Amino acid sequence: MTRTTLDRELQRLQDEMSLMGSIVSRALGESVEVLRAQDGAAAERLMSADDAIDQQRYAIESDVLILIARHQPMATDLRALAAILEIVGDLERIGDYAKGIAKVTLMMGGAVPLPPLPELPLMAAKARSMLSRALEAFLRQDAEAARAIPQEDDEVDALYNQVNAAMIEMIIADPSRMDQSNYITWAAHNLERAADRVTNICERAVFTVTGDMQELDAS
Amino acid sequence: MTIKLQAAPVRVVSSPTRAGATTEVHGAASASRADTEPRVELAASHLAMNVQDLAAGFGSFRAVDAISLEIRPRTITAIIGPSGSGKSTFLRCLNRMHEEVKGAWARGTVSLAGQDIYGPGVDPALVRRHVGMVFQKPNPFPTMSIYDNVAAGLRLNQWGRVPDMDERVERALRLAALWDEVKEKLFQSGTALSGGQQQRLCIARALAVEPEILLMDEPASALDPVATLRIEELMRELVRSYTIVIVTHNMQQAARVSDYTAFLMMGEDRAGRLIEQGPTDELFTNPKDSRTEDYITGRFG
């Protein structure tokens, strides 16, 4: 019967954080679809949906502060709450990256047909897979899994470098496509940054389990 | 739900109606004792307390002054404040225990389900039947068994034999989360239990008479951290069915356990006054009054 209130509240916060993670992950996937389809209306919808993600972050932060004030958590509980504060910040930023890609779609205006960009959905899928496993590692308190995930960031970086090189080639071949090329590079950069944020989440998962603050950046 | 606070001979004409409460007064219908008692019937949602402009003290000393506070049904309200801020005096005014001390006085209104418990003709014993109390130090009756400790309140309140006593004792002990620990030794002395168990026995004793409101005066201050946590978790269980008011020196306990918090502080005239009250979530993260902020952050008190 001891400490059921604190356990229940911690579980509720973790559930909310998980839910926020799924919403952010879906937004990231959709942003690339919207860009490839050059769908302005969907891009606007995606941009306005980001407000709800921001609100979710503030709500979770507020709940964490209330839980700390009311229950004086110690040790693992305290580290988990500090980690949740950081993680929801990272999730909110990943939401901003999705919003940024939607914004790029609007700025491109659909005027010129896009080159084939197989790397972008691959980057999004990789980042989403890493995100989902990082959150799971945090929830399961699995430091080993959390340590392994950031190595996969190299794959995302490699894809980003491919996009970058392709865009430079495109500008050389047709300087009139300078703007389009910049927009696409911007979108790819957002996906690359999203994967970097996952590394932060993994660091928080390891910290929660071990109490050690470690940089896990593989590259 | 019927609330009876008046002793038999006193005739209630009507009780003051507050905040939309609907009161219905039934006249005497037959000659039996129960039926000749005036009854005021109220919906369960009105089983809250409303304190208006309460002042109380001893002789020329004013311990609390000008306190108005609403106690919402099915919630835990914590009263916090430094020593001497009148927390316990305030609590003891809520079931007329305060006046048991020689020279004690109280002014103002404390309404329970719309009736002023300080109104004319109100029987303090009936008030205490509806508003139970648990004290700082576990105080089981030393000469009685565990069973008799719980049964004592029922026997006192029900004027004689209680037909379903065994069931009632078991129910009260289960409510107090003590049944599993004592069911094999119900007829052993209550004082043989640990401090935490004794306090839960006292909670069972208070619950046995089925009060609507439970007052707790520092109920865990004599207990170790594990026993304290058990009492706190028990309170969260009980609040599903009861309204609880707790006085505590332990601010962290108030933060952990309560839904609403009221902060009392001694004024220049040494009388305790209500400085701030509100949802516990807000009072401990964003208090409105700088004195509350100073107290909860440990800058004074």
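Couple of notes before you dig in:
- Using the 1.4 Å probe convention, the accessible area of region A:3-210 works out to 44 Å² per residue with neighbouring protein chains retained.
- Each of B:LYS185 and A:GLN151 was given a label point 7 Å from its Cα along the Cα-to-Cβ line. The distance between the two points is 5.8 nm.
- Global form of the protein assembly as shown, assessed from the alpha-carbon gyration tensor, a/c cut-off 1.5: prolate
- Extension gain (nm, one decimal) between B:ASP123 and B:ASP269, 0.36 nm per residue minus Cα-Cα: 49.3 nm
- The calculated FRET efficiency for A:GLU136 paired with A:HIS189, based on their beta-carbon distance and R0 = 22 Å, is about 0.25.
- Chain A: most fluctuating residue of A:GLN14, A:GLN141, A:GLN55 per GNM, C-alpha cutoff 10 Å: A:GLN55
- Entry note, the protein assembly as shown: the mean residue ellipticity at 222 nm calculated from DSSP H runs of n ≥ 4, each adding -39500 (n - 2.57), is -17000 deg cm²/dmol after division by the residues and rounding to the nearest 500.
- Model label points for A:ARG12 and A:THR210, set 7 angstrom from Cα along the Cα-to-Cβ axis, are 3.3 nm apart.
- Taking all protein chains together and rolling a 1.4 Å probe, A:LYS99 ends up with roughly 70 Å² accessible.
- If only the Cβ of Lys and Arg carry +1 and only the Cβ of Asp and Glu carry -1, the dipole of region A:1-142 around its Cα centre is close to 220 debye.
- Remark: the Cα gyration tensor places region A:150-219 in the prolate category, a/c being 1.5 or greater and a/b exceeding b/c.
- Size of charge dipole - region B:90-225 - debye, nearest 20, with Cβ of Lys, Arg +1 and Asp, Glu -1, no other charges: 280
- Summed over both chains, the accessible area lost when A and B associate is about 1200 Å², using a 1.4 Å probe.
- Gaussian network model of chain A, springs between alpha carbon atoms under 10 Å - residue of A:GLY109, A:GLY89, A:GLY29 with greatest fluctuation: A:GLY109
- Between region B:205-227 and region A:149-219, the alpha-carbon center distance in angstrom: 58
- Figure legend: label point modelled 7 angstrom from the Cα of A:GLN72 along Cα→Cβ; residues of region B:266-301 with amide N under 14 Å from it are B:296-298.
- Debye, to nearest 20: dipole size of the protein assembly as shown, +1 on Lys, Arg Cβ, -1 on Asp, Glu Cβ: 2780
- Between A:LEU67, A:LEU85, A:LEU35, the GNM of chain A built on Cα springs shorter than 10 angstrom shows A:LEU67 fluctuating the most.
- Theoretical FRET efficiency, 1/(1+(r/R0)^6), r = Cβ-Cβ of B:SER68 and B:ARG155, R0 56 Å, to 0.05: 0.90
- For region A:156-183, backbone nitrogen atoms closer than 18 Å to the point 7 Å from A:VAL112 Cα along Cα-to-C-beta are found at A:163-183.
- Cα gyration tensor shape of region B:13-296, rounded if a/c is under 1.5, else prolate or oblate by comparing a/b with b/c: oblate
The values are calculated or read from the model by the stated rules, or taken from the named source; none is laboratory data. Small disclaimer: the values here were computed from a predicted structure and weren't measured. Here Cβ is always computed from backbone atoms with ideal geometry, including for glycine, and neighbour counts include all displayed protein chains. Quick note on the areas: whole protein, heavy atoms, side chains included, nothing else; ligands and nucleic acids left out. Shrake-Rupley method; radii C 1.70, N 1.55, O 1.52, S 1.80 Å.
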